Amino acid sequence: MIDAHIASAFDRDLEGIQALIMKMGGLVETAISDSSRALEARDSELAAVVRKNDKAIDALEEEVASEVARVIAMRAPTASDLRTVLSVMKISGNLERVGDYAKNMAKRTTVLSEMPPVNGTGASIRRMTKLVNVMMKDALDAYIQRDVELAEDVRARDTEVDQMYNALFREFLTHMMEDPRNITPCMHLHFIAKNIERMGDHVTSIAEQVIYLVTGEAPDDERDKADKTSYVGH
């Protein structure tokens, strides 16, 4: 009876932690979409809201870490249960980083709103951000449903994010060569695009945690990173 009681207590604790993860995921999805809308609309007020709301994401990550530490100390989870708890910690960390990148986008949006717009770049960044946000939703769904196939699909889509980033990088270079006045705004836009690309990496890490959680093994194939911009000039 004691073992069954401990098991049911662990399950309740885990449900509570998973609820925190889903709340955190919802806030991060909102941060991604709001930071994208703020950039396209040159809306400094919305950008300020994204920056302010990042504190709630950080607080949830701390709460998850605290709950995980308590569960490990009190419940002495078995190996498979421990894998679940540690995966939750890593997912929480990835969500927090995505929130940080959304906050960074919002910071640069505030600066960009005072500069002349660079034609055509807003729609490209919006498409890239939308792709990452859909990946985020699917990664969290895969986690809740323990769906390895969906997690693998999220992983595969990261290549498309990298390709979009590479295309944007070339687009920014073209704008900068055509008109020196575009150099400063395009540098900010490039950092924003890089932030979105890094969001995609962290979402992919969440998907990989789901695969590890369900199968007990991390994906053994290296993801093909399609970000080639680091080779520019080499």
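The values are calculated or read from the model by the stated rules, or taken from the named source; none is laboratory data. All values reported here derive from a predicted model rather than from experimental measurement. Glycine also receives a Cβ, built like all others from the backbone with ideal geometry; neighbour counts cover every protein chain displayed. Calculation scope for accessible area: heavy atoms of the full protein, side chains included, ligands and nucleic acids excluded. Shrake-Rupley method; radii C 1.70, N 1.55, O 1.52, S 1.80 Å.
Being over 13 Å from G16 (Cα atoms) and among the acidic types (D, E) is the filter here; which residues of the range 63-83 pass it?
First pass over the range 63-83, keeping only residues over 13 Å from G16 (Cα atoms): 69, 72-83.
Within the range 63-83, just D81 meets the criteria.
Would you check if V161 is in contact with a Gly (Cβ under 7 Å, 6 or more places away or on another chain) and modelled with pLDDT of 95 or more? Answer is yes for this residue. Exactly one condition in (1) loosely packed, with under 15 Cβ neighbours inside 10 Å; (2) touching a Leu at 6+ places or on another chain (Cβ under 8 Å) is false for D11; which is it? All conditions pass for D11, except number (2).
On the basis of being crowded, with 19+ Cβ neighbours inside 10 Å and of a type in the set (D, E, K, R), does E96 make the cut? Criteria met by E96.
Out of the residues in the range 3-34 that are β-branched (V, I, T) and more than 18 Å from the chain's Cα centre (by Cα), state the one that is farthest from Q209 (Cα to Cα). Talk me through it step by step, then tell me what you get.
So in the range 3-34, the residues β-branched (V, I, T) come out as 6, 17, 21, 28, 30, 32.
Applying the additional criterion that residues be more than 18 Å from the chain's Cα centre (by Cα) yields 6, 17.
Working: I6: 25, I17: 16 Å.
For the range 3-34, the residue satisfying everything is I6.
Only a single item in (1) part of a loop (DSSP other than H, G, I, E, B); (2) open to solvent by 30 Å² or more (accessible area, probe 1.4 Å) is not met by V111, and it is number (1). Looking across the range 160-188, the residues that are out of contact with any Leu (no Cβ under 7 Å at 6 or more places or on another chain), open to solvent by 10 Å² or more (accessible area, probe 1.4 Å) and either touching a residue at least 60 places away in the same chain (Cβ under 8 Å) or not in a helix (DSSP H, G or I) (or both) come down to Q163, N166, F169, D179, R181, N182, T184. For the range 150-202, give me each residue that is in contact with a helix residue (DSSP H, G or I) (Cβ under 9 Å, 6 or more places away or on another chain) and of a type in the set (K, R). R155, R157, R170, K194, R198, listed by residue number.
Candidates are the residues of the range 35-70 that are over 14 Å from the mean Cα position of the chain (by Cα), touching a residue at least 40 places away in the same chain (Cβ under 8 Å) and under 16 Å from M128 (Cα atoms); the one that is surrounded by the most Cβ atoms within 10 Å (Cβ to Cβ) is L39. Contact annotation: residue pairs with Cβ atoms under 8 Å, 6 or more positions apart or on different chains, pairing a residue in the range 109-125 that is on the phi > 0 side of the Ramachandran plot with a partner that is open to solvent by 30 Å² or more (accessible area, probe 1.4 Å) and at pLDDT 90 or above, are G120/E171. Picking from residues in the range 203-231 that are loosely packed, with under 10 Cβ neighbours inside 10 Å and either of a type in the set (A, V, I, L, M) or part of a helix (DSSP H, G or I) (or both), the one that is modelled with the highest pLDDT is A218.
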